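*Asks:* Take this structure first; my questions come after.
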Amino acid sequence: MTIDYRTRNIVIAAVLAAAAVLLTVLYVSSARKHDEKQTQSVTVYVPTKSYPLGTAGTKVANNLRAETVSRSILVPEAVTSPDQIRSLYTTEPIYSGEQLTLKRFAPPAEQGIRSKLTGTQRAFQISGDTNQLLAGTLVPGDRVDVIVNLRNPDDNNDVRSFIALRSLRVLQTDKGDGGAKITRSTNDDHAVIVAVTDEQAQRLQYVTQNSSGGGSSVDSWRLQLRPVKKPRDSKMPAATFASVMAGAVGAK
């Protein structure tokens, strides 16, 4: 009985010792492999120029240089091939000489309206009432004109109605159907974002802030929806009291 008890204890102690040795060997082996992996060289890419948010990945990919670094200083999700970013857009500024990471890029769909702007194009948000913005009718992709009443600052009796801007592209409405929902002032009924050039933005700012509707700023400008099929523009002078009284213009 005593012999069996002692034998069992010896066997248990031997098994535990063997397990401890095995775990030690595994730990040392794993640590050695980790150290070896950390000292391995990896090829990464860094930009030779700085780029702002919204830059096409193709443009960045065409201006990269390869660098070899040890894995120990590799940034998370580092770009290891220019092809990884060619179909993406930057979501943060990119700086010359830094290791590129995929965390700073996203597919076009995740860029929202930013992916729809290039060159001199800008996104311009307009707030107004239901009639001014064709609320409930406009959807992203529609084209609109901006018609305004503008008073001559040197002659209060000289008020003209005309189309100040044509064929602006609707990027987003306050339904949120073009990306994130538009945030607007509590005093605004509705809002819409349109694409304009930087020059058109100045004109749009002027007419929406300085137009007048018979002595009131209410309904002094509004958007009008353009046709999808073969849109055309008439060549007509601005409408004035005299031109309206001279005769009606028939529909075509």
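Values quoted throughout were computed directly from the atomic coordinates according to the rules given, and no laboratory measurement underlies them. Every value quoted in this text rests on a predicted model; they were computed, and no experiment measured them. Every residue, glycine as well, gets a Cβ built from its backbone with ideal geometry; the counts of neighbours run over all protein chains shown.
*Asks:* Explain nothing, just the number: relative contact order of the range 41-106, from Cα pairs under 8 Å at least 6 residues apart, as a whole percent. Walk me through the numbers before you get to the answer.
*Replies:* Numbers: 144 pairs, mean separation 30.0, N = 66.
Relative contact order for the range 41-106 comes out at 45 percent.
*Asks:* Of the listed pairs K49/K103; K116/K235; K175/K235, which have alpha-carbon separations greater than 26 Å here?
*Replies:* Numbers: K49/K103 18 Å; K116/K235 30 Å; K175/K235 34 Å.
Checking Cα-Cα distances, K116/K235; K175/K235 exceed 26 Å.
*Asks:* Let me ask you something else. Starting from 0.36 nm per residue, how many nanometres of slack lie between A18 and F241 once their C-alpha separation is accounted for? If you can, show how the numbers build up before the last one.
*Replies:* Working: separation 223, 0.36 × 223 = 80.28 nm, distance 10.39 nm.
Length difference between fully extended and current span is 69.9 nm.
*Asks:* Next question. For the range 41-106, count the residues as N, evaluate 2.2 N^0.38 Å, and divide the Cα radius of gyration by that value, please. Walk me through the numbers on the way to the answer.
*Replies:* On the way: Rg = 10.7 Å, N = 66, 2.2 N^0.38 = 10.8 Å.
In units of the 2.2 N^0.38 Å rule of thumb, it is 0.99.
*Asks:* Let me ask something else. Under 19 Å from a label point 7 Å along Cα→Cβ of D189: give me every residue in the range 148-169 with its amide N that close.
*Replies:* In the range 148-169, the label zone of D189 (backbone N under 19 Å from the point 7 Å along Cα→Cβ) covers 148-149.
*Asks:* While we're on this one: How do K116, K175 rank when sorted from fewest to most other Cβ atoms within 10 Å of their own Cβ? Don't skip to the answer; put the middle values down first.
*Replies:* Numbers: K116 18, K175 15.
With the fewest neighbours first, K116, K175 line up as K175, K116.
*Asks:* In nm, to one decimal, how far is the N9 label point from the S41 one, both placed 7 Å along Cα→Cβ?
*Replies:* Rounded to a tenth, the inter-label distance reads 5.9 nm.
*Asks:* Estimate the FRET efficiency between T101 and K229 by the formula 1/(1 + (r/R0)^6), using the beta-carbon distance for r and 45 Å for R0, to the nearest 0.05. Don't skip to the answer; put the middle values down first.
*Replies:* Working: r = 47 Å, r/R0 = 1.03.
Once the sixth-power term is evaluated, E becomes 0.45.
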